[in-house]
Amino acid sequence: MSTPSVQQPTVPSSRPGSASRGFLRAGFACLLALLGVFGLDALVFRTHYYTQFLEPDSSTGVFEMILRREQQAQQRYGDNMIAALGDSRLGLSPRVAARLRPNSGYVFRLAGMPGTNIPTWYYMLRDLDPTARRYRALVFAVNNYFDDDWGAPDDDARLLHYVIARLRVSDIPVFFTAFHDPELRWEAFRGSVFKGLVYQTDVLAFLNNPARRIAYVRLNDKHGALWNWNYVDTDRNMVGLGIDWTLRKATLPPGADENQRDTVTNYLMRPVGNEDGTMAAFRRKWFGRIIDRYRDSPTKIIFVRLPRGPIVRPEYLAHRDTYSIRELARRPRVLLVPEHAFDSLERPELFSDGAHLNREGVERFSVMLVDEVTKLLGPPGPQGAAK
């Protein structure tokens, strides 16, 4: 006898569109989660609440300290202020410049910092001078007026850490797309969206000992400006340095330290390639943005070429294809200190290493810079920028 077959129950099929609705719900849930994380991140790191506890010696901490210091200086001094911006090679001593104030009539301030470049100065000025009318002049220190390509200026990973506290949501598209390297571009994007990723190391160090961090921050806030004012550069020099440019071989001074060796090799004797337009485009973009901010301002923009080094590279080794700084100087209210104004300082006895002026070099440079800028601006008037 045959066994009757048992009919299996039919499982109803899913209704059309149920899977897509599931994906939509999952996507919506992820979006809400991201918005929640962004909101929490913004609450802590976009309100500038945490910046008051930053490690003072970190990149972001130094940037914020300089910003606060110069904002306080604006309250102490009159209208005749000049801010100088550059990297560690800008050997300007505000203390030395202050001695010359009775003759110049100007207060010279140093708003740059080591390791920085033009984008850092742009973000510094945007919050330091939001009306674009606070200074009589801005002095920008550059290594050359011609565009000497060296490295990849658009791919400096330090930029994100210097300016993270100053980045706004509206800055994100321009900021992260300015990087060319895909990895750096992704790092800049995620870091500028979720700032906590950039602050991560600093936050962990803070949580390890909050009391010590807060005490150190307060100590720097109380005495940092005075420490900076009284800072005295080293008196070491580069006497005894010799360079065979044909063989690319240097004879270092007796007892040269690691920093002196590195700056001679990696800065003074760095390989120079053909200008491919990278540096020119970089300068036009970022200096152009700064100049555009001050287009309708009485503030003047002044470029100065720094002393090149204890020994100067021969002319036949320097490629001079483009001069973006001179192009920018054709714009209204943009001035150039004469290119060879500081040639007399390019001597081994006035440099502490292959790139930086020593104590005597800084003293002389500061005096000469005040003189050159004062000649360009003329005597200060009672209001507005110098005529």
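The values are calculated or read from the model by the stated rules, or taken from the named source; none is laboratory data. Worth saying up front: this structure is predicted, and the values here are computed from it rather than measured. Reconstructed Cβ throughout: ideal geometry from the backbone, glycine too, with neighbour counts over all protein chains shown.
Number of residues in the stretch 71-99 that are part of a helix (DSSP H, G or I) and buried (at least 21 other Cβ atoms within 10 Å of the Cβ): the value is 1.
Taking the conditions (1) more than 18 Å from Leu357 (Cβ to Cβ); (2) touching a strand residue (DSSP E or B) at 6+ places or on another chain (Cβ under 7 Å) in turn, Pro254 satisfies each one other than (2).
Could you check the stretch 278-295 and list, in sequence order, the residues that are of a type outside the set (A, V, I, L, M, F, W, C) and either within 20 Å of Tyr123 (Cβ to Cβ) or modelled with pLDDT of 95 or more (or both)?
Filtering the stretch 278-295 for residues of a type outside the set (A, V, I, L, M, F, W, C) gives 278, 283-285, 288-289, 292-295.
Answer for the stretch 278-295, where residues must be of a type outside the set (A, V, I, L, M, F, W, C) and either within 20 Å of Tyr123 (Cβ to Cβ) or modelled with pLDDT of 95 or more (or both): Arg283, Arg284, Lys285, Gly288, Arg289, Asp292, Arg293, Tyr294, Arg295.
Of the helices (runs of 4 or more DSSP H) entirely within the stretch 140-218, those holding at least 2 residues that are surrounded by 12 or more Cβ atoms within 10 Å (Cβ to Cβ) and touching a residue at least 24 places away in the same chain (Cβ under 8 Å) occupy 158-163, 182-193, 196-208. Just so you know, in the stretch 277-312 the residues that are in a helix (DSSP H, G or I) and among the aliphatic types (A, V, I, L, M) include one that is surrounded by the fewest Cβ atoms within 10 Å (Cβ to Cβ), and it is Ala281.
If I filter the stretch 333-368 down to residues being assigned to a loop (DSSP other than H, G, I, E, B) and of a type in the set (D, E, K, R), which single residue comes out as nearest to Val312 (Cα to Cα)?
Out of the qualifying residues, it is Glu346.
Report, by residue number, each residue of the stretch 100-128 that is in a helix (DSSP H, G or I), modelled with pLDDT of 95 or more and either buried (at least 17 other Cβ atoms within 10 Å of the Cβ) or out of contact with any helix residue (DSSP H, G or I) (no Cβ under 7 Å at 6 or more places or on another chain) (or both). If you could, list the steps in order and put the result at the bottom.
Just the residues of the stretch 100-128 that are in a helix (DSSP H, G or I), to begin with: 101-104, 118-128.
Right, trim to modelled with pLDDT of 95 or more and you get 118-128.
Scanning the stretch 100-128 gives Ile118, Pro119, Thr120, Trp121, Tyr122, Tyr123, Met124, Leu125, Arg126, Leu128.
For the stretch 313-332, the set of residues classified as free of Cβ contacts under 8 Å to residues at least 40 places away in the same chain and either assigned to a helix (DSSP H, G or I) or on the phi > 0 side of the Ramachandran plot (or both) consists of Glu315, Tyr316, listed by residue number. Scanning the stretch 28-61 for residues that are hydrophobic (A, V, I, L, M, F, W, C), more than 16 Å from Ala215 (Cα to Cα) and under 19 Å from the mean Cα position of the chain (by Cα) returns no hits. In the stretch 234-276, the residue that is farthest from Gly91 (Cα to Cα) out of those that are in a loop (DSSP other than H, G, I, E, B) and small (Gly, Ala, Ser) is Gly273.
To keep it simple, each residue is scored yes or no on (1) surrounded by fewer than 10 Cβ atoms within 10 Å (Cβ to Cβ); (2) touching a Ser or Thr at 6+ places or on another chain (Cβ under 6 Å); (3) not assigned by TED's automatic domain parsing to the domain that holds Asp221.
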residue	(1), (2), (3)
Leu24	no, no, yes
Gly36	no, no, no
Gly39	no, no, no
Ala42	no, no, no
Phe45	no, no, no
His48	no, no, no
Thr51	no, no, no
Leu54	no, yes, no
